[in-house]
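A.B. asks: Just dropping this structure here.
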Amino acid sequence: MIIDEIIIAIKKRDQIIQQCERKLNQMQPAFLYDYKELDKWNDLLEKVSAQKEMLMDMLRGGDT
């Protein structure tokens, strides 16, 4: 990947992370919601956060 593509991918992940965080914040208190729904959003947040970290490592490490 070139640097520009990595930066765009990171920005997309940031948007998804913000969406997940907003959704999870709206679902408070958690006991009022289906735990499967909460788990879905938490899993997505973790997965996208890990992808962002991998992209950040690529950017820092120069793996382009």
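A.B. asks: How high is the FRET efficiency between E5 and K40 when r is their beta carbon distance and R₀ equals 30 Å, given to the nearest 0.05?
C.D. replies: Using R0 = 30 Å, I get an efficiency of 0.60.
A.B. asks: Please give the charge dipole size of the chain, origin at the Cα centre, charges +1 on K and R Cβ atoms and -1 on D and E Cβ atoms. Round to the nearest 20 debye.
C.D. replies: Approximately 180 debye in magnitude.
A.B. asks: Against the longest alpha carbon principal axis of the chain, how many degrees, from 0 to 90 and to the nearest 10, is the axis of helix 35-61 turned?
C.D. replies: So the inclination is approximately 10 degrees.
A.B. asks: Need the full-extension length gain, M54 to E21, defined as separation in residues times 0.36 nm minus the C-alpha distance. One decimal, nm.
C.D. replies: Stretched fully, the M54-E21 segment lengthens by 9.9 nm.
A.B. asks: For the chain, compute the number of Lys pairs whose alpha carbons are separated by less than 17 Å, excluding pairs fewer than 8 positions apart on the same chain.
C.D. replies: Final tally of qualifying lysine pairs is 9.
A.B. asks: What are the radius of gyration and Dmax of the range 20-61, computed over its Cα atoms and given in Å?
C.D. replies: Just the Cα atoms of the range 20-61 yield Rg and Dmax of 13.4, 44 Å.
A.B. asks: Counting only protein heavy atoms, what percent of the accessible surface of the chain is carbon or sulfur at a 1.4 Å probe?
C.D. replies: Carbon and sulfur together cover 53 percent of it.
A.B. asks: Follow-up question, since we're still on this one. For the chain, find the longest principal axis of its Cα atoms and tell me its angle to the long axis of helix 3-26, 0 to 90°, nearest 10.
C.D. replies: Between helix and principal axis, roughly 10 degrees.
A.B. asks: Tell me which of Q26, A9, L55 sits at the most positive position along the dipole axis of the chain, charges placed on C-beta atoms (Lys, Arg +1; Asp, Glu -1).
C.D. replies: About the Cα centre, the residue reaching furthest to the positive side is Q26.
A.B. asks: Sticking with this structure for a sec: Quick one: give the max-minus-min coordinate of the C-alpha atoms of the range 1-44 along each principal axis, largest first, in Å.
C.D. replies: 44, 15, 6 Å, listed from the longest principal axis down.
A.B. asks: For the chain, what does the accessible surface come to per residue with a 1.4 Å probe? Please give it in Å².
C.D. replies: Solvent-accessible surface per residue comes out at 75 Å².
The values are calculated or read from the model by the stated rules, or taken from the named source; none is laboratory data. Please read all numbers here as calculations on a predicted model, not as lab measurements. When we count neighbours, we look across all protein chains shown, and the Cβ atoms used for this are built from the backbone with ideal geometry, even at glycine. For accessibility, only protein heavy atoms count, side chains too; no ligands or nucleic acids. Shrake-Rupley method; radii C 1.70, N 1.55, O 1.52, S 1.80 Å.
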